[in-house]
Amino acid sequence: MSDAEHEPRLLDSGEAALVVEFGSTVDPDISDRVLALDDALGADPPEGLRERVPTYRSLMLHYDPLVLDRETLVARVRTLAAQTSARAGTATLWTLPCCYDAPHGEDIGQVAERTGLSPDAVVATHAGATYRVYMYGFAPGFAYLGGLPKTLAVPRRASPRPPHPRNAVVIGGGLAAVATVPMPTGWYVIGATPARLYAPERDESFFVGAGDLIRFEPVDAATFAALDAREAAGERVARREEVRR
């Protein structure tokens, strides 16, 4: 039986959180089970369930043990996990503009050297893929993306590089990400998007959700600057559509 088929492990995390673990790898089928359970609990949450935190392979449930006892929560989780294996309906696909030109794609040369591809091929390969949002983590709005082509699966750096700008598009360790705040990183910066996945000043601070799909659309530096100004004025430049799962 594969990770994506077996019953989840239930692990306590302190006295007020339960981890529902579906597997041990970054896998779309495992993610589907995590998000299907998250959806089911969100649609009909038991009283005392405070927060649901999906990851690649597990769902952490924070609860109030004075309102919701562990046994009741475990019973609900087991029932719902047995009934749900994948999210129903369509998936949301976001198209994000991405500028790979200097100064935004500052590490493309290093990625080209490590992969044996030309810089143009690095851009074409990255922009030609469709990515899945597995989770947020590490920093506000930092979206971890699966689906990076194997030809771009460079390991992370041995030591961090200097801080990158906001909304850097990065790759490393077989994954891709959109890094929403400036910070040092071991990932490689190959572009930037003007789309602000994290905008605390907006009512919807995080508009991309776990399980959504992302494509990157190459734009030149002048177009990036114009789109960035529109985002700064409050417009959302990411395009949204619904696609079949």
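The values are calculated or read from the model by the stated rules, or taken from the named source; none is laboratory data. Source: prediction; values computed, not measured. Cβ coordinates were reconstructed from backbone atoms using ideal geometry, including for glycine residues, and neighbour counts include every protein chain displayed. Heavy atoms of the whole protein, side chains included, go into the accessibility calculation; ligands, DNA and RNA do not. Shrake-Rupley method; radii C 1.70, N 1.55, O 1.52, S 1.80 Å.
Under Stokes-Einstein, with the Kirkwood radius over Cα pairs standing in for Rh, what whole-number D in µm²/s applies to the stretch 1-96 at 25 °C and 0.890 mPa s? Answer from the Stokes-Einstein relation: 179 µm²/s. For S13 and D120, the FRET efficiency from 1/(1 + (r/R0)^6), where r spans their Cβ atoms and R0 equals 41 Å, is about 0.30. Rounded to the nearest 0.05, the FRET efficiency derived from the C-beta distance between T72 and T25 at R0 = 45 Å is 0.90. Please determine, in degrees from 0 to 90 and to the nearest 10, the orientation of helix 28-43 with respect to the longest principal axis defined by the Cα atoms of the chain, where the helix direction is its Cα long axis. Roughly 60 degrees between the two axes. In units of the compact-protein estimate 2.2 N^0.38 Å, the stretch 45-106 shows a Cα radius of gyration of 1.81. Beta bridges from DSSP with both residues in the chain: antiparallel share about 85 percent, rounded to the nearest 5. Taking the Cα atoms of the stretch 131-207, the ratio Rg/Rh between the radius of gyration and the Kirkwood radius comes to 0.96.
Taking all Cα pairs closer than 8 Å and separated by 6 or more residues, the relative contact order of the chain comes to 21 percent.
Note on L93 and S159: the model spin-label points, each 7 Å out from Cα along the C-beta direction, lie 4.4 nm apart.
Ordered by solvent-accessible area of protein heavy atoms (1.4 Å probe), largest first, the residues R78, R236 come out as R78, R236. Mean projection of the Cα convex hull over all viewing directions, computed for the stretch 174-245: 6.3 nm².
The angle separating the long axis of helix 70-83 from the principal Cα axis of greatest extent in the chain is about 60 degrees.
P(r) for the stretch 23-64, from all Cα pairs and a bin width of 10 Å, is 32, 49, 19, 1 %, short bins first. Taking GluC sites (Glu not before Pro) as exposed when their DSSP state is a loop state and no more than 16 other Cβ atoms lie within 10 Å, the longest site-free interval of the chain runs over 48-200. Using every pair of distinct Cα positions in the stretch 72-148, the Kirkwood expression returns a hydrodynamic radius of 16.1 angstrom.
In units of the compact-protein estimate 2.2 N^0.38 Å, the stretch 42-188 shows a Cα radius of gyration of 1.33.
The convex hull around the C-alpha trace of the chain, projected and averaged over every direction, spans 14.5 square nanometres.
In units of the rule-of-thumb radius 2.2 N^0.38 Å, the stretch 107-245 shows an alpha carbon radius of gyration of 1.02.
Largest first, the residues R244, R52, R33 sort by 1.4 Å accessible area into R244, R52, R33.
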